[in-house]
Amino acid sequence: MTAPLLDDDCSLTDLLDDDDLPPAGPPRRRLRRVVVVMVTLLALLAGIPVAVAWYVEHRLSSQLTRMSGIFAALPESQRPAKPAAGAPGAAAVDILLIGTDRRSEVATTGTDAAAADWVPGQQRSDTLMLLHIDGDRRSAAVVSIPRDSWVDIPGHGKGKINAAFSYGGPSLAVATVEQLTGIRIDHVAIVDWTGFEELTDAVGGVDIDIPETVHDSANDVTWEEGRHHLDGEQALLYVRQRYGLPGGDFDRVKRQQAFLRSVMEASLHQEMRKDPRLLYDFLSTLARHVTVDAEWSTTQMAKLAFSLRDFRSANVEFLTAPSTGTGMVGDQSVVFLDQDAGRELWHELRTDRIDEWSSIHWRELTGDVVR
């Protein structure tokens with residue numbers, strides 16, 4: 001399932017048209033160096049860390065693991081239309097984040113993978129998040145879709161949304177989310193629990209506030225009230241707990257969002273933005289443990305990174321797909337999504353108006369402190 005690494009031909013210099021290059025002068029290799037220096041200087045002036053440009057150009061393509069055929073298997077006629085470019089000339093970007101529950105003793109995603117990314121029927125999507133980045137690059141939203149959401153799975157009828165990954169891997173997961181939301185998925189990023197632990201340790205751990213003492217009976221762990229600094233192993237226990245939490249799986253989703261917010265804040269903090277070594281270590285770990293779609297080129301990543309040079313974690317809203325509650329379908333405990341509220345939310349995301357939606361539905365947003 002894992003495709004070859006990115007082509008070496010795909011470089012940061014591709015961001016510039018041929019017309020931007022000097023008409024004559026040094027040999028091609030020297031010219032490439034000149035262009036890289038020019039782009040680096042522009043990045044400096046724009047405020048983006050130099051390490052980002054350098055890393056994308058020289059290291060990212062050699063460490064990323066890719067999965068081919070994710071989008072090729074989707075009939076174009078059945079996919080949502082691509083969004084039009086916004087006022088700044090950039091279209092919104094929608095990335096499906098998939099955390100798998102594969103019970104494997106070895107890594108299944110990233111360059112350290114010693115087992116297949118996906119084996120039919122052997123794992124489901126334990127975590128499913130839609131990351132929407134507005135076209136103006138000033139705001140973004142992370143929408144969690146509960147894994148037990150009862151939805152239509154193309155070709156399989158009704159089922160829990162996490163079963164889509166089991167039935168047909170990332171392609172069917174994308175098709176299911178696109179059908180549910182009407183939002184076209186641009187890219188996919190998949191991580192397993194091994195990668196999750198490593199990413200947490202790469203940022204030096206995360207700080208989590210626990211408002212009241214709770215006990216996880218499944219893992220026999222008691223979380224005392226107060227602030228906790230969690231390493232990778234502890235963070236994994238934190239985000240996977242649902243027993244002992246008043247909201248069960250809903251609180252579990254909020255914990256995952258709280259964790260992701262902390263990771264973003266840690267990876268975007270000033271020390272990391274200014275210190276190429278810190279940033280390199282984090283991005284290197286990210287590249288080693290995450291599998292992405294083969295269509296996501298180095299050039300596209302560089303452009304997205306550059307467009308987000310002024311972005312801050314405070315501009316991200318975290319929320320969960322609206323639901324009407326839980327219930328039983330046969331012997332399955334499921335989550336029933338709120339079709340009307342969901343239709344409004346997905347429309348606001350498609351039209352880059354999440355800020356307006358959030359100002360009205362602020363109670364639906366995940367706060368800084370969760371149970």
Practice problem: Could you tell me whether any residue of segment 68-88 is surrounded by fewer than 20 Cβ atoms within 10 Å (Cβ to Cβ), touching a helix residue (DSSP H, G or I) at 6+ places or on another chain (Cβ under 8 Å), modelled with pLDDT of 90 or more and outside any loop (DSSP other than H, G, I, E, B)? | Solution: yes
Exercise. Return the total of residues in segment 336-351 being among the small types (Gly, Ala, Ser) and surrounded by fewer than 12 Cβ atoms within 10 Å (Cβ to Cβ).
Key: 0
Quiz item: If you take the residues in segment 225-249 that are in a helix (DSSP H, G or I), of a type in the set (A, V, I, L, M, F, W, C) and touching a strand residue (DSSP E or B) at 6+ places or on another chain (Cβ under 7 Å), which one is surrounded by the most Cβ atoms within 10 Å (Cβ to Cβ)?
Solution: Ala235
Quiz prompt | Yes/no for Leu199 being over 13 Å from Leu130 (Cα atoms), among the aliphatic types (A, V, I, L, M), out of contact with any Phe, Trp or Tyr (no Cβ under 6 Å at 6 or more places or on another chain) and surrounded by 18 or more Cβ atoms within 10 Å (Cβ to Cβ) | solution = yes
Self-check item: Residues being acidic (Asp, Glu), over 27 Å from Leu130 (Cβ atoms) and touching a residue at least 60 places away in the same chain (Cβ under 8 Å) - total across segment 202-234
Solution: 1
Self-check item: Looking only at segment 178-206, and only at residues there that are in contact with a Ser or Thr (Cβ under 6 Å, 6 or more places away or on another chain) and of a type in the set (Asp, Glu), the one that is nearest to Ile145 (Cα to Cα)
Solution: Asp192
Quiz item: Is one or more of the residues making up segment 254-272 more than 22 Å from Glu317 (Cα to Cα) and either at pLDDT 95 or above or among the hydroxyl-bearing types (Ser, Thr, Tyr) (or both)?
Solution: no
Practice problem: Determine whether segment 104-126 contains at least one residue that is modelled with pLDDT of 90 or more and of a type outside the set (Lys, Arg). | Solution: no
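Every residue, every condition in (1) farther than 20 Å from Leu337 by Cβ; (2) hydroxyl-bearing (Ser, Thr, Tyr); (3) free of Cβ contacts under 8 Å to residues at least 24 places away in the same chain, yes or no:
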residue: Ser144; (1), (2), (3): no, yes, no
residue: Pro154; (1), (2), (3): no, no, no
residue: Ala175; (1), (2), (3): no, no, no
residue: Gly182; (1), (2), (3): no, no, no
residue: His187; (1), (2), (3): yes, no, no
residue: Thr194; (1), (2), (3): yes, yes, no
Exercise. For His215, indicate whether it is in contact with a Ser or Thr (Cβ under 7 Å, 6 or more places away or on another chain), at pLDDT 90 or above and either closer than 21 Å to Thr366 by Cβ or not in a loop (DSSP other than H, G, I, E, B) (or both).
Key: yes
Quiz prompt | Among residues of segment 134-185, those that are β-branched (Val, Ile, Thr) and in a loop (DSSP other than H, G, I, E, B), counted | solution = 4
Self-check item: Residue, nearest to Leu74 (Cα to Cα), within segment 167-209, restricted to residues that are hydroxyl-bearing (Ser, Thr, Tyr) and modelled with pLDDT under 90
Solution: Thr194
Practice problem: Within segment 295-335, work out how many residues are within 18 Å of Pro146 (Cβ to Cβ) and either of a type in the set (Lys, Arg) or surrounded by 15 or more Cβ atoms within 10 Å (Cβ to Cβ) (or both). | Solution: 10
Practice problem: Name the strands (runs of 3 or more DSSP E) wholly inside segment 282-371 in which the number of residues that are touching a helix residue (DSSP H, G or I) at 6+ places or on another chain (Cβ under 7 Å) is 1 or more. | Solution: 316-320
Practice problem: Filter segment 150-180 for residues that are among the acidic types (Asp, Glu) and farther than 21 Å from Gly325 by Cβ and give the result. | Solution: Glu178
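The values are calculated or read from the model by the stated rules, or taken from the named source; none is laboratory data. Just so we're clear, the structure is a prediction, and the values are computed from it rather than from any experiment. Every residue, glycine among them, receives a Cβ derived from its backbone with ideal geometry; neighbour counts consider all protein chains shown.
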